[in-house]
Amino acid sequence: MVERHVISFPLSHGRFNYRVAAVIVVDGHVLICREDDDDYAMLPGGRVELGEDSRLSLTREIAEEIALPAEIGAMLATSESFYRREGEDFHELGFFYAVTLPGEGPNGASPWLERRDEGHDLYFYWVLLEGDALEKANLLPRWLPEFLRKLPSGHTHIVFDERSA
């Protein structure tokens, strides 16, 4: 078995992460994920592994987390996010792709899906884009709810420093 290395590493003054995320929008809802021990939600996805391109990484993450085949579409955004969690500063590079899950969408179940991955319980929810449901879910990074409500027609690059926001 080949040893896997996620591109996330500590430094003396913080941590660097390289993350991919799926923007899955169906019928005015977006799919979000919450881990059992987090007080925030995120888009499905995860950290890129050394030697993987970002599309392959997102395909792998969706298969691991949701156990469904994903169709990876266009890259919607790249981001450079700076934030602080549990006393540690993070510098995160993010790639956000449009993704479809054939035949899947909101069905009224809450959570829509529960899965176990890497020692964590994951809960997936379809959340309305309209209103303040994304903010109530504490979807991070903080720029994401507004971005999702007004998806750009082409690729965009976002730099957001939450440490000073």
Roughly what would the spin-label model give for GLU86 and GLU3, points 7 Å off Cα along C-beta, in nm? 2.4
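Could you sort 122-131, 151-160 so that the peptide with the highest average Cβ count within 10 Å comes first and the rest follow in order? Walk me through the numbers on the way to the answer.
Values: 122-131: 16.9, 151-160: 11.5.
In descending order of packing, they fall as 122-131, 151-160.
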Can you list residues from other chains, or at least 5 along the same chain, whose modelled amide H is less than 5 Å from the amide H of ILE158? THR78, SER79, GLU80
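Kindly identify segment 1-85 as rounded, prolate or oblate by the Cα gyration tensor criterion: order the square roots of the eigenvalues as a ≥ b ≥ c, call it rounded if a/c is under 1.5, otherwise compare a/b with b/c, prolate if a/b is larger, else oblate. Before the final figure, lay out each step's value.
On the way: a/c = 1.65, a/b = 1.23, b/c = 1.33.
Note, shape of segment 1-85 comes out oblate.
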P(r) of segment 126-165 over all Cα-Cα pairs, 5 Å bins starting at 0, rounded to whole percent, reads 6, 20, 29, 22, 18, 6, 0
What is the magnitude of the charge dipole of the chain about its Cα centre, with +1 placed on the Cβ of each Lys and Arg, -1 on the Cβ of each Asp and Glu, and no other charges, expressed in debye to the nearest 20? 380
Residue farthest toward the positive end of the dipole of the chain, with Cβ of Lys/Arg at +1 and Asp/Glu at -1: which of LEU140, GLY154, ILE62? GLY154
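For segment 8-164, what ratio Rg/Rh do Cα atoms give with a Kirkwood hydrodynamic radius?
Numbers: Rg = 14.9 Å, Rh = 16.0 Å.
Reported Rg/Rh (Cα atoms, Kirkwood Rh): 0.93.
None of the figures in this text is laboratory data; all of them are computed from the coordinates on show. In this text the structure is predicted, and so the values were computed from the model without any measurement. Heads up, the Cβs are rebuilt from the backbone with ideal geometry, glycines too, and the neighbour counts pull from every protein chain shown.
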